[in-house]
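Q: Structure in structure tokens, see below.
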Amino acid sequence: MGLEMRLGSPKAYLAAAIGAAVTLFVVSEAMSRSDDKAHDIVTQMTLDEKIRLVHGVMPLPFGPAVTLPADVLPSAGYIEGIPHLGIPALRETDASLGVAYVMGLRHDGATALPSGLASAAGWNPQSTYEAGAMIGREAWRKGFNVLLAGGANLTRDPRNGRNFEYLGEDPLLAGTLAGAAMRGIQAQHVISTLKHFALNNQETGRHDLNVRIEEAAARESDLLAFEIALEAGHPGAVMCSYNRVNGPYACDNDWLLNRVLKTDWHFPGWVMSDWGAVPGIDAALHGLDQQSGEQLDKEIYFGALLKQKAQSDPIWLRRLDDMALRIVYSMQEIGIDAYPPQISAIDFAADAAIAQRVAEEGIVLLSNPRNLLPLAAKAQNIAIIGGHADIGVISGGGSSQVAPPGGPAATIPLGGLTQLEAFFHTALYMPSSPLAAIRSRNPHAHFAYDSGEYVSAAAALAKRSDLVILFATKWMGEGVDAPDLTLPGGQDALIDAVTKANPNTIIVLETGGPVLMPWLNQAGAVLEAWYPGARGGEAIARVLFGDVDAAGHLPMTFPVSEAQLPNREMPGAGLTEGTGFDVSYPEGSNVGYRWFAAQDVKPLFAFGHGLSYTQFRFGGLALARGRKLTASFTVTNTGAREGIAVPQLYLLQAPQGTRQRLVGWERLALKPGESRTVTVAIDQRLLADWSQERHGWSIKPGRYAFALGMSAQMPVGSSSDVILAGRVLPP
Ligand code: BGC
């Protein structure tokens, strides 16, 4: 069997597979400077030096003792450098939401970004770029040169414990934003990963599950998010995930790594394993380039074992050369050798301002039926109830956990029998009190706070207040899925009683994703504030008072109940650890809102939904076929306040029939009466089907109809169509 792999355009490497083994050799065609230099460096390496680069430890005081240089900080990963060749050590830290706390071992503090979902709800690639640049800068100033960031897994199940780290359910939105964040990180000469590749869509049985999915369904959804992110962000590394995909583990998956990632997408960087995700040495032949956190695997496969193979078999040696080449290539491309990290002071105030802006942009006004919001600063009795709003805002748990400078406002243990479990299952509160922020915005009012512990006391306070702001929280974290979509700890009963006692109650949700809202019709207004990060309290207050428009839009569908989900029960729930099981997706490539559209089911709140404090009109949609397919339309602020519009363009009809897909959006600030015409380019992969036979994107000839929407459920009148010729686009 012959296999040809192009390992990065314009860089060309050729891989020939002989039997199950992959041989790699370099053909010098239009190589970039990084290629040339990386190749020179690798040719000077001894076998031991190559081996040194392709495996590394988790520098933590757990598990077998490892001897490390004194300057290695507690963090996720460390790979020794080769000083005489100018190859720096890789110093790796989590992650997407800021430089991580590492099980409470780091006390230097870092700026916590709002959750990934909060960033995604801003629909603003510029902000995710700046947020990426901010955490990249902090990482660099703390001595790191690799950030384990770039989470781009799609939300297939809203109960997934790690959804909060990711960017929602749409491949275009998630891919574009992940790409922008990684660009921001790498502009600081810090390598970013893109993770967890791929189909790591739930935490229940994450080491045991096998996703069964048709290639077309994967290419049109989860993989497309990664593909778009890769094109937009050029990450130096990709982290493969824990789960299996159609049989083999993702880190040992020839189809995912060699064919899709390295051949079809021309990924020139390296694939690192997730921590404890390497099942054996053959993973190297199947596309894995580096074993991370090796003490978590059964064996150090990419150490002495790989050396033996490379000494006795030229196929393995060539593979090892390619592994080393890919790592050195990314080091050169992103410049971690030329711009080594400098331990230096961080401007936490400036960085917190960035986190606050991201939080403000992502807060979603879900409902405001009586225009309770925005609030006026006036003398009245205001009750603040629940959510520890007197001390701070909640954050999500796991390896992405960040602790702020000075430490968290509160640390609430949620149970765990091992040290790791106990750390992962902890709710940390960022010291940014919504109560304090609201109070400072309205010094004329009288405030009272009730923890919400006793429903009767909270309801009594609500009854004697003019206005109530009730905070409800739902902690989610790595390693554990939510068993259902309710608000935990009796908060639904609390909200029910409080909203009955006083209809002027505003509910502020701090959650890691959708929750059910049996009390929705009783609430005066509902804001989804996600995990709002370092300055969450201030961001919430500014949105409540209308200092900024409520401009967030949902990056995922909020269902009415679990019965609306493609998998009503979480696959694998109740199985003991180590029991393998299959996960299949009845929705295929129709993830999220596409499933709701295909089933003609109305959710509680649709993907893309988000009210504003003003009104907008979208119109004049016109499509043009040039070198690219583009759509132009006009957005007008028809209300009395300045505001931010997020017009969304959806495909609604294709020659195959009804199909809904987000194909573009814009985010624009408009003054009252102001109108602007915008043009968005449409990526034709979003109109296509993946063709297994033609190994490419197949555009069916015929009519494609589009409409502008305020959300996936609200096309707003302006629609247009275009006739396209049939063709197949290469992968
Ligand atoms: C997580 C990764 C993380 C790694 C290192 C794993 O458990 O899945 O996202 O980067 O640990 O901390």
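Q: Highest mean first, how do 356-364, 681-689 rank when packing is the count of other Cβ atoms within 10 Å averaged over residues?
A: Most protected by this proxy first, the peptides run 356-364, 681-689.
Q: For the range 87-241, taking Cα atoms only, what is the radius of gyration to one decimal and the Dmax to the nearest whole Å?
A: Both quantities, over Cα of the range 87-241: 14.8, 46 Å.
Q: Still on this structure, please answer the following. Over its Cα atoms, what ratio of radius of gyration to 2.2 N^0.38 Å does the range 233-384 give?
A: 1.61
Q: Follow-up. Have a look at the DSSP beta bridges in the chain and tell me what percent are antiparallel, nearest 5.
A: 60
Q: With only alpha-carbon atoms in the gyration tensor, what are the semi-axes of the equivalent ellipsoid for the range 535-623, in Å, largest first?
A: Each semi-axis is the square root of five times an eigenvalue, giving 35, 22, 11 Å.
Q: Taking a cut-off of 15 Å, what percent of all Cα-Cα pairs in the range 389-472 are separated by more than that?
A: Values: 2305 of 3486 pairs.
So the portion of pairs separated by more than 15 Å is 66 percent.
Q: Counting pairs of alpha carbon atoms under 8 Å apart in space and at least six apart in sequence, what relative contact order in percent does the range 399-543 give?
A: Contact order relative to length: 25 percent.
Q: Taking each pair of distinct Cα atoms in the chain once, what is the resulting Kirkwood hydrodynamic radius in Å?
A: Kirkwood radius, the chain: 26.2 Å.
Q: Hey, another quick one. Show me the ranking of peptides 289-295, 65-71, 258-264, 449-455 by mean Cβ neighbours inside 10 Å, starting with the highest.
A: 289-295, 258-264, 449-455, 65-71
Q: Given Val560, Val543, Gly578, which one lies farthest toward the positive end of the charge dipole of the range 540-679, if we put +1 on the Cβ of every Lys and Arg and -1 on the Cβ of every Asp and Glu?
A: Val543
Q: Here's a follow-up. Binned at 10 Å from 0, what are the whole-percent values of the Cα-Cα distance distribution for the range 638-707, short to long?
A: Using 10 Å bins, I get a P(r) of 18, 37, 24, 15, 6, 1 for the range 638-707.
Q: Then there is this: What is the dipole size for the range 588-705, taken about its Cα centre, with +1 at each Lys and Arg Cβ and -1 at each Asp and Glu Cβ, in debye to the nearest 20?
A: Using only the charged Cβ atoms, the result is roughly 220 debye.
Q: Over every pair of different alpha-carbon atoms in the range 314-447, take the mean of 1/r and invert it; report that Kirkwood radius in Å.
A: Computed over the range 314-447, the radius equals 19.9 Å.
Q: Between Asn253, Leu509, Thr614, whose Cα lies farthest towards the positive end of the dipole of the chain when Lys and Arg beta carbons carry +1 and Asp and Glu beta carbons carry -1, centred on the Cα centre?
A: Final value for the positive-end residue is Thr614.
Q: Now for a separate question. Can you give the three extents of the C-alpha atoms in the range 137-184 along their principal axes, from longest to shortest, in whole Å?
A: So the extents along the principal axes, rounded to whole Å, are 36, 22, 11.
Q: In the P(r) worked out for the range 69-115, what percent of Cα pairs fall beyond 14 Å?
A: Of all Cα-Cα pairs in the range 69-115, 57 percent lie more than 14 Å apart.
Q: To the nearest µm²/s, what D does Stokes-Einstein give for the range 566-708 at 20 °C and 1.002 mPa s, using the Kirkwood radius over alpha carbon pairs as Rh? Display every interim value, and only then the final one.
A: Numbers: Rh = 18.0 Å.
Roughly 119 µm²/s, to the nearest whole number.
Q: From the phi angles alone, apply the Karplus equation (6.51, -1.76, 1.60; θ = phi - 60°) to the range 366-381 and give each ³J(HN,Hα) in whole Hz, x where the residue is Gly or Pro.
A: My calculation for the range 366-381 gives 7, 8, 7, x, 10, 6, 4, 9, x, 6, 9, 7, 8, 6, 6, 8 Hz in order.
Q: If I histogram all Cα-Cα distances within the range 567-612 using bins 10 Å wide from 0, what percent of pairs lands in each bin?
A: P(r) over the range 567-612, rounded to whole percents: 21, 38, 25, 14, 2.
Q: May I pose another question? Ranked by accessible surface with a 1.4 Å probe, highest first, in what order do Met714, Met570, Met103 come?
A: Met714, Met103, Met570
Q: Same structure, new question: Could you tell me which residue out of Leu147, Gln660, Phe302 lies farthest along the dipole of the chain toward its positive end? Charges go on the beta carbon: Lys and Arg +1, Asp and Glu -1, centred on the Cα centre.
A: Gln660
Q: Once you sort the root eigenvalues of the Cα gyration tensor of the range 293-349 as a ≥ b ≥ c, which label holds: rounded (a/c under 1.5), prolate (a/b larger than b/c) or oblate (the other case)?
A: Working: a/c = 4.46, a/b = 1.90, b/c = 2.35.
Oblate, because a/c is 1.5 or more while a/b does not exceed b/c.
Q: What distance in nm separates the two pseudo spin-label positions at Ala598 and Glu642, each 7 Å out from Cα along the beta-carbon direction?
A: Label at Ala598, label at Glu642, 4.4 nm between them.
Q: Let me ask another. Once every DSSP H run of n ≥ 4 in the chain is given -39500 (n - 2.57) and the sum is divided by its residues, what mean residue ellipticity at 222 nm do you get, rounded to the nearest 500 deg cm²/dmol?
A: -7000 deg cm²/dmol
Q: Given Cα positions, please report Rg to Rh for the range 171-259, the hydrodynamic radius being the Kirkwood one.
A: Radius of gyration over Kirkwood radius for the range 171-259 works out to 0.99.
Q: A further question on this structure: If the convex hull of the alpha-carbon atoms of the range 258-327 is projected onto planes in all directions, what is the mean projected area in square nanometres? Working shown, then result.
A: Values: hull surface 17.7 nm².
With the hull built on Cα positions only, its mean projection is 4.4 nm².
Q: Given the Cα atoms of the range 222-268, and with Rh set as the inverse mean 1/r over their pairs in the Kirkwood sense, what is Rg to Rh to two decimals? Don't skip to the end; give the middle numbers.
A: Working: Rg = 10.4 Å, Rh = 11.0 Å.
Checking Rg against Rh, the ratio lands at 0.95.
Q: Sticking with this structure for a sec: For the range 41-167, list log₁₀ I(q)/I(0) at each q in 0.12, 0.21, 0.22 Å⁻¹, using the Debye formula over Cα point scatterers of equal strength and ignoring solvent, two decimals each.
A: After summing over all Cα pairs, the log10 values are -0.57, -1.19, -1.24.
Q: Further question on the same structure: Between Lys671 and Gln615, what is the label-point separation in nm under the 7 Å Cα-to-beta-carbon projection?
A: In this crude spin-label approximation the distance works out to 2.2 nm.
Q: Take peptides 608-615, 219-226, 386-393 and line them up by average Cβ neighbours within 10 Å, highest first, as a rough protection proxy.
A: So the order, starting with the most tightly packed, is 219-226, 386-393, 608-615.
The values are calculated or read from the model by the stated rules, or taken from the named source; none is laboratory data. It should be emphasised that the depicted structure is a prediction, and the values quoted were computed from it without experimental measurement. Here the Cβ is made from the backbone with ideal geometry for all residues, glycine too, and neighbour counts use every protein chain on show. What goes into the accessible areas is simple: the full protein's heavy atoms, side chains included, and nothing from ligands, DNA or RNA. Shrake-Rupley method; radii C 1.70, N 1.55, O 1.52, S 1.80 Å.
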